[in-house]
Structure formats: structure tokens, C-alpha cells
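Below: the structure, in C-alpha cells.
The values are calculated or read from the model by the stated rules, or taken from the named source; none is laboratory data. The structure displayed is predicted, hence computed values, not measured ones. Positions of Cβ are generated from backbone atoms using ideal geometry, with glycine treated the same way; all protein chains shown enter the neighbour counts. Surface areas here come from the heavy atoms of the whole protein model, side chains and all, with no ligands, DNA or RNA. Shrake-Rupley method; radii C 1.70, N 1.55, O 1.52, S 1.80 Å.
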Amino acid sequence: MVLEKSKACFEYETYHEGENKILKISCENCSFPPSIEYSDICMSKVIDTLQAVTGVTTIILSQQREYQYDYDQVSLLNELVSVYKHLTQEERFSYSHLVVDPLHERYIRSSYAQFQRLISKSLKEDPFAAFVELKRLETREKIKLNSLIDARHAASQRKFLTVLDAVIKTIENIKLIKHLMPLSHDYKVGQREIYGNIFHPTTKPDFMFTKLLTEFPEGNLEDSYNFKVGEDECEVNVFSFDDNVKVLYHLTPPEFIFTEEEYELLDDAKRIMSEHKPSKEEFVDPARMREVFFNIGKDMLTDLAQHQNLRIKDEKMSQLAQALLRHTVGFGLIELLLSDPKVQDVNVNSPNGALPVFIVHQDYGDCYTNIYPTILEVESWATKLRLISGRPLDEANPILDTELKVEGFTSRVSALTAPLSPTGLAFSFRRHRDFPWTFPLYMQPKIRFVDAIGAGLLSFLIENNATILVAGTRSSGKTSLLGSFLTEIMRRARILTIEDTFELPSESIRKLGYNIESLKVASALSAPGSEVDPSIGIRSTLRLGDSAIFVGEVRSKEAIALFEAMRVGAAANVVAGTIHADSPYGVFDRVVNDIGVPRTSFKAIDIIVIANPVISGLKKYKRILRITEVRKEWEEDPLRENGFVDLMVYNPVTDKLEITDELRNGNSDVLKRMAGRVKEFAGDWDAVWNNILLRANCKQAIVDAFSETGDENILEAEFVVKANDIFRLISEKVKTKSGKTDTDKILFEFKEWLRKESKKKQEE
């Protein structure tokens, strides 16, 4: 609902959003600022309007931007309105009721005039000043009483003081005054800054649907940083509080540094662009569609600027066009949140408009934000996701899983609607990292998801074609860890990935020179359609030639086909996937008892990796908790029959993944079986263990090179994949030259290459 700019100053309308009654007031042609807290005229007019309109829960003041006051703030004003009506309409406070003695009139006339001005005018404009002035008036009138000799005059004065006392006590009990009292130690009558502690409107320009709380809270500034979105820059401030465990992620987007003239341009451009509704065909290629709409928007803004004789630089025009794109065919401020590399998850809960957006931050965990999406905004997101995915989202199909790909980030999106989410639409955006995770990235001190030995062991298992399930709860890092496995596979091997919603970093891996094919299958939660059943998709991979197979997530009946792939491919290829479970037995229970995979097929798993968050105080840290092998000599229950053997287990005291006696002593059937297929390892546990240590030391050397140079690119996939290639080439060269795998020689040559490569990168 948009107000025309021709509306008179303070013309208003009301409408309902869910349970809220909205009072929207146009301030476009007003000479005073649209601010209850900083404008006495605005506050007075709002009080007048609330006398005429009852039941209001939300107030919006519109002047270029929209300033929205929520229920808690409006309730303070509604109480003030009620008191104001009582004081101005009550007969006992009238002049005729107070002045019963004509001889006393000359003593009270000026005092009553001040009293009347304070309750009829000042109480609306500046209630705290009115309260303070009434207290001062009471003090003066008490002094005057002591100087009166005539008994009749004294009786009238006491009556006036009784009325004053009643009015002061009434105003003193108003919640607004009670909230302001502790803040009044340096207060001077007429200063309105005190109201800024109570009234905090959320703000948005007219061209935006989303509301933003722009003011900083009174809290502890924990962190402040900027990040780039194309050519734009966003500012982030993170606040903690002494009396609250919650953490605030405060975003200042580029949209809020534009001039009023630029806001007007965006308003006009959006009004024109909103007449075009993108078709399903346009959303088939979202990247192309965004490029087209960006160019159209920029041309339109340029034409409007020229028509209004505005001179705007091309760089600024591009910024305006990007903002216009975000708030028309894009996803608004959600795109900015997902562009922050430190944001991992973005959650939008129902009921919409009443709650902020919540995020999971890399450094601060669960946070709430200063962003409040409106009902119109979330409904537009749902429409766009239907078009992008080609999947329904309605009462018959209340769940939609898809992916959102925008320049700067990719994200998995889960959307819910009624009847599953009866109070409105809800969204969960899982941000994918721009580049694949790598083992050295996981090993760096500030992350410590896995240590060097754990990385070396996993590298050995992947190199020797283990079948692996990565298990954990939601947001435990399962899919990211599975994606890091891809960087450990030799680049000349073929890889097939199977997912219902693309989350594995297949495109990035492809750009690194891998032979990878990505298959998309139907979601287990979606309605039947044209997409291929997951079990059929997995079986089809067995006909696509010799390939490593990665399954994004094992959810239901496709598990049976996955275990077929494991049994067929275990001898020659890596087969890996993820599953929701929190222990090796939890994986067995889910796979066998819930999904129905035969026990004999379950034995096709070689390794189960458990990844879950660990809690330390108010913070959570993601860790690999155990690496467990699955033995084959059991019949009914692998837990009772020693079918699970831990190779490494997380120690919460040391915060490390530690090797077990079974691994230290070579008591691993899986590793022995792998060693039996490699000439230099066969029957030689020391050779196997030394190779695991060699891999661990090479990974640690990469992390050490990063620590010495500070170059984060050393930990990224492009460099790590190259380092893995070099490791294999050096290993082959040393083995050919010396006739054996000389781990010391390999490590020395690898470190020499790493030293030269690091120096070269620094010089560049």
C-alpha cells in the first residue's frame, strides 16, 4: 500500500496486517521531521490522531522513508492518550470548578493558565517536560499557600494544590514517564534527546519492503567490520549485552547512505518496474535475468535523473541500480546478509513482520538482526522461489527446498507455509562457502574442526577408496566436510555427485580442473513431478562408468541404492554421503531400522565420521567427534558385537581429536584391507602409519605456511589441490628413485616446494 505524494501533511489511513492495526501517516508535505522522539509537533499530532483512531498497534510515519513504531512503543502513546483525555475532559480540573471564590481568582488566574497550558498542550508535545513543570508549579503554589493570611483564600489554594497533586500523581504513573525517570539526571526542560531512549522506529525507504532498526543499541560493541557486495560496502557491528544472553548483528546497508534525491529516483523507478511481473521463463536463467533487469534499471534511473536535472556519477548510478535490482526481482536485504562471508545461516520466522531475521555467525553463533521483513516481502520471496525452482509451495505442498544463486554467494533455501507453518511463511537460507572447504582450512587455530592426524587419516582413507558416511545433526558441518573430501580426490579421477538441492561445491571443483558430473534428483519432501527419483539417480551412476560417487544427503529409500553403490564400488572408488545421526549406532539405527537397508548391506560402510557442535559456555564450536570403522564380523547388533571400532575420538578436555589404542596398534580391519591392495603397505602396519603421519605433516606444513605469511589463499582449494598434486608427484618420484616410500624425503621435498611457492606468492 503506497501513499501518493500529493497527500496533505499528516493525512492518514488505517489497515490490518494479521492481528496488527496499522496507522500510516503521510508526512511528505510536512515541514517538521517524521519523528515522535525528536519533534514536538509530530508527537502532538500523533496524539491527536490516536484520539480519533482506536485500537492502533503500529504507527508508520512516511517521508521518503518509512519510520515504524511497534506495539510496545505505540502502547505507551495509547496510555498517554487515555490520560490526556481524562485530564482535559474531567470536570473537576476545569477553571469553574476550581475558582469558587471571586476574591481568590486574582491569586490563581496566572497559575491556572499555566496549569491548563501544561495539561492541554505540553502533555501532548513533551509529556516529561509537562510533568517536570507541573512539579515546579506545585512547589511554587505551596510556597504561596504559606504566605496567604485570609482563610478563604487559603482554602481555595489548598483545593488547587489538591487538584495539582492528583494530576501529577496521574501523570507520574504513566509508563512512559516511569521509563524516563531513571534517565533524567541531566535532563533540562525542552531537551528531546531523552525520548530517543524509548522510541526506536524501524526504518525503510519507500522503495523497500523490509524494515531496519538503524540506531545502535546501548550494549557492548564486540566487533565491527565491513564486507563488499559488488562495488557496494556494508557495515556490520556486533553487540552483546550485560543483562541479556542474545547477540545483535547490526547491518548498515548501502541503501541507507543515499541522499533524499536518490531515494526519490529509486521510488519512481520501482513504481515503474513493478508494473512488469517476471515470467517463469525469465526465472529459468536467474543470472541472465538479473543482468537484464540491472541494465534496464540503470537506464531507467539515468533517464529519470536527466528528466529531473540531477547529475549522478556512473558509479553511484550502478549502486542505485543494484539496490533497485535487490528490491524488485531480488531478495532484498537477505542478499546482503548472505553476501557476508561470516554468515552461515539466515532464518526468517513467522509471524512475518513481528520478528527480526535471525542468523548463525561464524564467530558469534546465533544472533538476531536489526532487519524486520514485512508480509509483502516474504510473500514476494515465496513467489520468486516457486519460479526459480519450478516447484510448488502451497497448502498441498507446504515444503519447498531449492537453491538460490546470486553473484557473490550460493545458498540452499527451505521454505515452509501453511498448514505446516500455520502463522505464515518461514524460510531458512543455508549459505554455501564461495570456495570448497579444505583440510588445512579446518585445521587452522581459529577453526580447529579437525587436527593434523585426523586430516592425515581421512586423506589416506579417501586416497584408498573407502566408503564413508559423514553423520551429524543439522548445522554440524556434514555437507561442508563432504565437500572437502572432493579436494582430496586425485584430479584425474571421475566424480559423480547426486543431490536433490545442490549444496556440494561441484562448480568450484569443476573450475579447478576436476572431471565431475552433477546429477539432480527429486527431493524426498517434494510432491511427485518430472524430477528423477533419488534411488533411480543413484542406480544410474553405476552405469556411467568408473567414478567416485558422492551423495548429498541420505534421507529415505535412496539409501538402499546408495548401499548397492557402496557394495559395487567399494573395491575401486570412493563412495561417500551424509546422514542425520549423532553416533555410529545412530547411523545404524537410522539406516537399518528406519530406512530399511538390510544389515548385510550396512556392512558396506567402511568409515563413519561423526561431526557435531560442542558447547563451551554460551558458544558452540563445530568439531569432528569420532572417526569409526565398521567391521564386518557381526550378525545382529554392531554395538553389542563390537562392529564399531573407534580410530579417533574427540577429547573435550584437550579440545582435540585423539587417536585410540586400536589405531595406534594397527588394530584396524579397514586399514589392513586397504594396505593389502598396495604393494609397499601390504603386511607392514608401520608403512601405513608412516604414510598417515606423512599426510598429516604435509597438511600441517600448509597451515604453518599460512601462519608465517598471513596469506589465506594458501588454505583455499586452488592452492591445496595443487599441493595435493605435488605431494603425489613427489611421492611417486621418490618411490621410483629409491624403490620405497621414503616419508622423510617426501616431506622434505614437499616443504621445499611449499617454501618456494609461498615466497613466489608473496612476491606477486
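Which FRET efficiency value, to the nearest 0.05, do you get for residue 161 and residue 228 by plugging their Cβ-Cβ distance into 1/(1 + (r/R0)^6) with R0 = 60 Å?
After rounding to 0.05, the efficiency reads 0.35.
What is the chain's relative contact order, in percent, from Cα pairs under 8 angstrom and six or more apart in sequence?
7 percent
Please list the non-local residues whose amide H lies under 5 Å from the amide H of residue 521, H modeled 1.01 Å from N, same-chain partners needing a gap of 5 or more.
Under 5 Å from the amide H of residue 521: 499, 500.
If I stretch the segment between residue 639 and residue 653 completely, what's the gain in nm (0.36 nm per residue apart, minus their alpha carbon distance), one decimal?
Computed gain between residue 639 and residue 653 is 2.5 nm.
Residue separation times 0.36 nm, minus the C-alpha to C-alpha distance between residue 761 and residue 619: what's the value?
Here the segment from residue 761 to residue 619 would lengthen by 47.6 nm.
Shape call for region 200-244 from the C-alpha gyration tensor, a ≥ b ≥ c root eigenvalues: rounded (a/c under 1.5), prolate (a/b greater than b/c) or oblate?
Here region 200-244 falls in the oblate category.
Where a Cα-Cα gap under 22 Å defines reach, which lysines qualify for residue 175, not counting those fewer than 8 residues away within the same chain?
21, 45, 85, 121, 124, 135, 188
With charges set only on the Cβ (+1 for Lys and Arg, -1 for Asp and Glu), what does the dipole of the chain come to about its Cα centre, in debye to the nearest 20?
Result for the chain is approximately 720 debye, rounded to the nearest 20.
Between rounded, prolate and oblate, where does region 168-306 land on the alpha carbon gyration tensor, with a ≥ b ≥ c its root eigenvalues, rounded for a/c under 1.5, else prolate if a/b exceeds b/c?
Verdict is prolate for region 168-306.
Name every cysteine in the chain that ends up alone, with no second cysteine's Cβ under 4.7 Å, or say none.
Here 42, 234, 367, 698 come out as lacking a disulfide-compatible partner, given the Cβ-Cβ threshold of under 4.7 Å.
At residue 707 and residue 145, where each label point lies 7 Å from the Cα along Cα→Cβ, what is the point-to-point distance in nanometres?
Going by the 7 Å Cα→Cβ label model, 7.8 nm.
In debye, nearest 20, what is the charge dipole magnitude of region 401-505 about its Cα centre with +1 on Lys and Arg Cβ and -1 on Asp and Glu Cβ, if you could check?
Magnitude of the dipole: close to 180 debye.
Per-residue accessible area for residue 664 at 1.4 Å probe radius, Å² rounded to 10?
That residue has around 120 Å² of solvent-accessible surface.
Between residue 664 and residue 363, what is the label-point separation in nm under the 7 Å Cα-to-beta-carbon projection?
3.8 nm
With +1 assigned to the C-beta of every Lys and Arg and -1 to the C-beta of every Asp and Glu, and no other charges, what is the dipole magnitude of region 650-752 about the Cα centre in debye, to the nearest 20?
For region 650-752, the charge dipole is close to 640 debye.
For the chain, what is the percent of antiparallel DSSP beta bridges, rounded to the nearest 5?
Bridges in the chain are about 70 percent antiparallel.
Given that just one value was derived from the coordinates, which of (1) 70, 28, 19; (2) 45, 29, 25; (3) 66, 29, 25 is semi-axes √(5λ) of the Cα gyration tensor in Å?
Derived directly from the coordinates: (3).
Once a ≥ b ≥ c are taken as the square roots of the eigenvalues of the Cα gyration tensor of region 661-707, is the result rounded (a/c under 1.5), prolate (a/b larger than b/c) or oblate (a/b not larger than b/c)?
prolate
Among the listed pairs 478/759; 478/632; 7/211; 679/751; 211/620; 446/737, give every one whose C-alpha distance is greater than 32 Å.
Checking Cα-Cα distances, 478/759; 446/737 exceed 32 Å.
What angle, in degrees between 0 and 90 and rounded to the nearest 10, separates the Cα long axis of helix 71-89 from the longest principal axis of the Cα atoms of the chain?
10 degrees
Compute the acute angle (0 to 90°) between the alpha-carbon long axis of helix 260-273 and the principal axis of greatest extent of the alpha-carbon atoms of the chain; round to the nearest 10°.
Approximately 60 degrees, to the nearest ten.
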